[in-house]
Amino acid sequence: MKKRIIGIAGYMGAGKSQTAQLLAGKDDVVINADKEAKALMNSSQEIRYRLRTHFGSDVIMHSGIDFARLGDRVFIDKSSLLKLNRIVHPALIRELSVLLNNSAAAMTTLDAALLPLWSMDDAFDHLIWVDASHNCRFERLSRKAVLPRDQLEKRMHLQEEILSPPQQPGWHFFTNTTNDKIQLADNVAQLRSRLSL
């Protein structure tokens, strides 16, 4: 059976990770790009050096990167966020490509918010943009975020500045406005059927 590679993207709070987990079967693999990025940032000497140079030596602790402090520096403005992406994304894309190619699962899903920016659409059998309104996403994030609401709003706006819903052909749009887990599972089951997964 041919291995299938699925890409899932969307803004923070849209429900990408929930959708990815529900889409996956028992023996399928879900790769979380955020987790892989953090592991890479901690393990790569070059990335750590560039983070220290651009964002301050105090973002690097003996135990690893202080991601809360780095986030405070990065989400100041668009140029700082883009600078972080330029430092991390080239190596991250290479690492994710290796993980996707080496996966032996029948279906492997990459959960990556910024996937539409990475020019790797051809690596996927299906691409899914998980969509929800700004207000819906803000309320979801507010319920679990440790950030003050104004900082959360700023981070959401900065992400929306650098990332737009994909316009290129081949993307499927999945609207996730429910907070009901049973309804979401039903909606994802319909998506699986529509994509013949």
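Quick note: the coordinates plus some simple rules give every number you see, no bench work behind them. Computed from a predicted model, the values in this text were never measured in an experiment. Here Cβ is always computed from backbone atoms with ideal geometry, including for glycine, and neighbour counts include all displayed protein chains.
Assorted remarks:
- Seen against the Cα atoms of the chain and their longest principal axis, helix 78-102 is set at about 50 degrees.
- Taking the Cα centre of region 1-92 as origin and assigning +1 to Lys and Arg Cβ atoms and -1 to Asp and Glu Cβ atoms, the resulting dipole is close to 260 debye.
- Its Cα centre serving as origin, region 4-194 has a Cβ charge dipole (Lys and Arg +1, Asp and Glu -1) of approximately 360 debye.
- Region 27-138: projected area of the alpha-carbon convex hull, averaged over directions, in nm²: 8.6 nm²
- 3J(HN,Hα) couplings calculated from phi for region 117-125 with the Karplus curve 6.51 cos²θ - 1.76 cosθ + 1.60 (θ = phi - 60°) are, in sequence order, 8, 9, 6, 10, 4, 5, 7, 10, 7 Hz; Gly and Pro show x.
- Förster radius 35 Å - calculated FRET efficiency between L82 and Q21 (Cβ-Cβ, nearest 0.05): 0.75
- Label point distance in nm, L117-F67, each placed 7 Å from Cα along Cα→Cβ: 1.7 nm
- Working note: Cα gyration tensor of the chain, eigenvalues times five, square-rooted, sorted largest first, giving semi-axes of 28, 21, 15 Å.
- Entry note, region 4-194: relative contact order of 39 percent, from Cα contacts under 8 Å with a spacing of 6+ residues.
- Projecting the Cα atoms of S103, S63, A24 onto the charge dipole of region 4-194, computed from C-beta unit charges around the Cα centre, puts S63 farthest toward the positive end.
- Label point distance in nm, D125-D150, each placed 7 Å from Cα along Cα→Cβ: 4.9 nm
- The long axis of helix 181-194 is offset from the longest Cα principal axis of the chain by roughly 70 degrees.
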